[in-house]
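Report on the structure given below.
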Amino acid sequence: MDRLETKIKKLKKEKNAIILAHCYQNIEIDSVADFVGDSLYLSQKAKDTNADIIVFAGVSFMAETAKLLSPTKKVLLPRTESGCFMANMIDVKSLREFKAKHPDIPTVCYINSTAAIKAECDICCTSSNAVDIVKKLNVPKVLFLPDTYLGKWVEKKLENVEVITYNGFCPTHLRILPEDMDFARKTYPTAKILAHPECHTKVSEKADFVGSTKEIMECVKHSVDKEFVIATEKGVLDRLQRDYPDKIFHLIKETIVCQNMKWHTLEDIYYSLKNETYEITLDETTAQKATRCIERMFE
Ligand code: 13P
Ligand code: SF4
C-alpha cells in the first residue's frame, strides 16, 4: 500500500477521524475515504458520525454543513482555496434584496450556499431532494437560490408551483452547451445521456435522465443499457468507469472539471489530519439559524 495512504489510515485511527469525499473529488482520495457520495449523503454521514474529527474532501460549503450538523466535532477542510463558485454568487445583501423584491414567499436555498445565506432562508435542499422539498412546502410560490437552473428544473417537475429563482449558476456545468448534447447524440447514438440539474435548461431538456450525482450513479447501476454519456463533473465518470468496467462511458466534454473540488490531494489530506488544519469555525448566531434551515430539510 502506498506510504501516504498507510500514514493517513494510521492517523485516522489514532485521532478517531473520518474522511468524507464528494464524488467529484480526485479519485485517489477514495482509497482513504470512509464515505464517498453526493452532498445529501455526506451531510447525513457528518450528522451521524461518532468520530472526533471530520476531514472534508469537498468544497467549503460542504465542510461548513458538516460543522453545522456536527457542531461538537472538529471539521477540517484540507485546502482553503476550495470554495464553490455558485455558493459565492450570493451574499447576504443580495439575498435580502431578492427577498424584499418578492416579500412573504418561502425561501428555499440549495445546500451550495454559505452558512450566512442558510441562516436567512427557510429551508435547505440538495439536488437529490429539491423537488420533494419544494413539493412538501405545499405553497404556490417559492424563492429558490442561488442556482437558477436547479430552480427552473424543480419548477418543470412540479407544474403547480412558481419557482422564482436567483440568478446564480455553476460555471462548470454551464460549460456544457446544447450543441455538445447534439454532438454526443450523433456520435454515440445508442448511449443514454445523463445530466445534472445544474446544467442549463436547454441542456437538461436534451438529456435522457436528469438527476443529482448520486441519482446518475444509481441510474447506471439499475440500467440495462451499456453505454452512457455523462453530462456532469468528471469525477462521476471516473468512478463509474472504475465500478462498471463492462459498461462504456463518455464525458460530454473534457473540460467538465470542477477545479475547486480538485484542489485536494492525498498529501493535503495527510497534512490536514496531522496538523488539524484548516478548522471550520462559525459565528454562533449564524450557525444556530443555518442549522435550523438544514434540519428542516431532514425533517
Ligand atoms: P450533488 O448534490 O449532486 O452532490 O451536487 C453538488 C454539486 O456541487 C454539484 O455541482
Ligand atoms: Fe460548485 Fe459547480 Fe463545483 Fe459544484 S461543480 S462545487 S456547483 S463550482
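Computed from the coordinates by the stated procedures, all read-outs in this text should not be read as laboratory data. Keep in mind that what you see is a predicted model, and the values were worked out from it rather than measured. Using ideal geometry, Cβ is built from the backbone for each residue, glycine included, and neighbour counts are taken over all protein chains shown.
Here is how the numbers come out for the structure above:
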item: Conditions (1) assigned to a loop (DSSP other than H, G, I, E, B); (2) within 13 Å of ligand 2 (Cβ to nearest atom); number of the one not met by residue 121; result: (2)
item: Cβ-Cβ under 7 Å pairs, at least 6 apart or on other chains, the stretch 109-132 side within 15 Å of residue 87 (Cβ to Cβ), far side of a type outside the set (A, V, I, L, M, F, W, C) and part of a strand (DSSP E or B); result: 110/147; 112/147; 121/107; 125/110
item: Residue 26 being surrounded by 15 or more Cβ atoms within 10 Å (Cβ to Cβ) and of a type in the set (S, T, N, Q); result: yes
item: Some residue of the stretch 83-95 being part of a loop (DSSP other than H, G, I, E, B), crowded, with 22+ Cβ neighbours inside 10 Å, among the small types (Gly, Ala, Ser) and within 16 Å of ligand 1 (Cβ to nearest atom); result: no
item: Selection from the stretch 248-286 of residues that are surrounded by 15 or more Cβ atoms within 10 Å (Cβ to Cβ) and free of Cβ contacts under 8 Å to residues at least 40 places away in the same chain; result: 249, 251
item: Residue that is nearest to ligand 2 (Cβ to nearest atom), among those in the stretch 62-100 that are of a type in the set (Gly, Ala, Ser) and more than 22 Å from residue 259 (Cα to Cα); result: 94
item: The listed residue being within 16 Å of ligand 2 (Cβ to nearest atom) and touching a strand residue (DSSP E or B) at 6+ places or on another chain (Cβ under 8 Å), out of 210, 161, 220; result: 210
item: Looking only at the stretch 32-56, and only at residues there that are free of Cβ contacts under 8 Å to residues at least 60 places away in the same chain and under 20 Å from residue 3 (Cα atoms), the one that is nearest to ligand 1 (Cβ to nearest atom); result: 33
item: Residue count, the stretch 1-29 (criterion: over 29 Å from residue 290 (Cβ atoms) and touching a residue at least 24 places away in the same chain (Cβ under 8 Å)); result: 8
